[in-house]
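Taking it in order: structure first as structure tokens, then the write-up.
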């Protein structure tokens, strides 16, 4: 069967005409959906608190992840075979299993009988998860520092701990700040999975609203836009900080 | 002050030091020369255990540093080291570089450490750079700061590992001048260098190393004017 250009033309203009004709009705239904999603019962506050929890969980996880990451990175490069094995296994297992599965295990097995808020469980789970990735970032940062720095510290009589803490880590962390910022941005998106155990984050807010309005379109579009804007703002901020730091390097 | 017996160092299958015996007395300025790969730097680095000797014994002020239970950090406090690549801490100011170890290791109060640092900066002629960062300084200035940093721990011995090899020619003089001043003040020094002029002028004893051995040693006059060993003659004929 051959469809001529003329026929396609008629089809397309037909669609366009339909769209134009149908737009007022669509707009009316869309705006009423928007009203139902945000205005009715002050549901915009749900999104706001959802965003708050998303950011809170991300921030707590990245802080916990940094602490775990630094400790694991130091263990990973230590002289003790046992410490190296522990952190190696941790990094291997965490990076080799899905975040969601880790979250479920931590929530339904480890914290099953513990009565604490789910956002805390979520933060711990994501912190443990990102700790493995941050450990590798930190390890790379430490290894990127010239061995001469360590030798200089040790030759002055400083212990290996003092040398690491006062000389190597400050330089390493400065080098890896962009990578850490990136990890934070990734985490903000990852935390959407927290919906598996709780509905207090942004995704949870969308689902609660959807449960009342039976409309998927507006709530999901709304949180997509919110995620996008938040991540855009944070990325820009991080880029600014990085730029300022690079300038400071040229002192 | 430093007594080395039967010192050997292997890196895997590579034997870098094949048996070194040396006695360095207080106030001596020992200059180590020799072709690259002869083990000069490794010898120097063994003295403060930046390299762990494979065999042999090193006594510093009568204390064995090669024994298993030695407090390595305490030994290193007595020995300052200056590196070819300066190795200043780029994230700290000049003052921060000099005061870090006295504050952290000797638990010196900050004000006292800074006072000491300023005196040392005066000595190396860089008091006006106290608040600069290493990246803002020339190579020669960085190396003088590195010397001041090592001196801040009030060491009994100073080790120099090719301190002028990474410098532009016009900056070599200022660093050697600081080292010479240090020598005149009676510091015990072990210097690995290619600066034959410095070796001749400042050295109280010259060691010529080749192939992991000390092949020849003597006063600068003996070694430079009347070398006995064939390899010493050949080396000197190339560098002088």
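Observations on the structure shown:
- When residue B:64 is tested against (1) without any contact (Cβ under 8 Å) to a residue 12 or more places away in the chain; (2) crowded, with 19+ Cβ neighbours inside 10 Å, exactly one condition is not met: (2).
- Listed by position, the helices (runs of 4 or more DSSP H) inside the stretch A:131-191 whose residues that are closer than 22 Å to residue A:243 by Cα and without any contact (Cβ under 8 Å) to a residue 60 or more places away in the chain number at least 2 are A:169-190.
- Members of the stretch B:62-84 that are under 21 Å from residue B:207 (Cα atoms) and more than 10 Å from chain A (Cβ to nearest Cβ): none
- Residues in the stretch B:151-164 that are more than 13 Å from residue B:123 (Cα to Cα) and either within 14 Å of another protein chain (Cβ to nearest Cβ) or without any contact (Cβ under 8 Å) to a residue 12 or more places away in the chain (or both): B:153, B:154, B:155, B:156, B:157, B:158, B:159, B:160, B:161, B:162, B:163.
- Looking only at the stretch B:100-129, and only at residues there that are more than 14 Å from chain A (Cβ to nearest Cβ) and in contact (Cβ under 8 Å) with a residue 40 or more places away in the chain, the one that is farthest from residue B:173 (Cα to Cα): B:123
- Residue identified as surrounded by fewer than 16 Cβ atoms within 10 Å (Cβ to Cβ) and either facing chain B (nearest Cβ under 8 Å) or at pLDDT below 95 (or both) among A:146, A:199: A:146
- From the list A:187, A:177, the one residue that fits, being within 17 Å of the chain's Cα centre (by Cα) and either modelled with pLDDT of 95 or more or within 14 Å of chain B (Cβ to nearest Cβ) (or both), is A:177.
- Apart from one condition, residue B:169 fits all of (1) surrounded by fewer than 19 Cβ atoms within 10 Å (Cβ to Cβ); (2) within 14 Å of chain A (Cβ to nearest Cβ); (3) without any contact (Cβ under 8 Å) to a residue 12 or more places away in the chain; the exception is (2).
The values are calculated or read from the model by the stated rules, or taken from the named source; none is laboratory data. Everything numeric in this text was worked out from a predicted model, so none of it was measured. For neighbour counting, all protein chains shown are included, and Cβ atoms are generated from backbone atoms with ideal geometry for every residue, glycine included.
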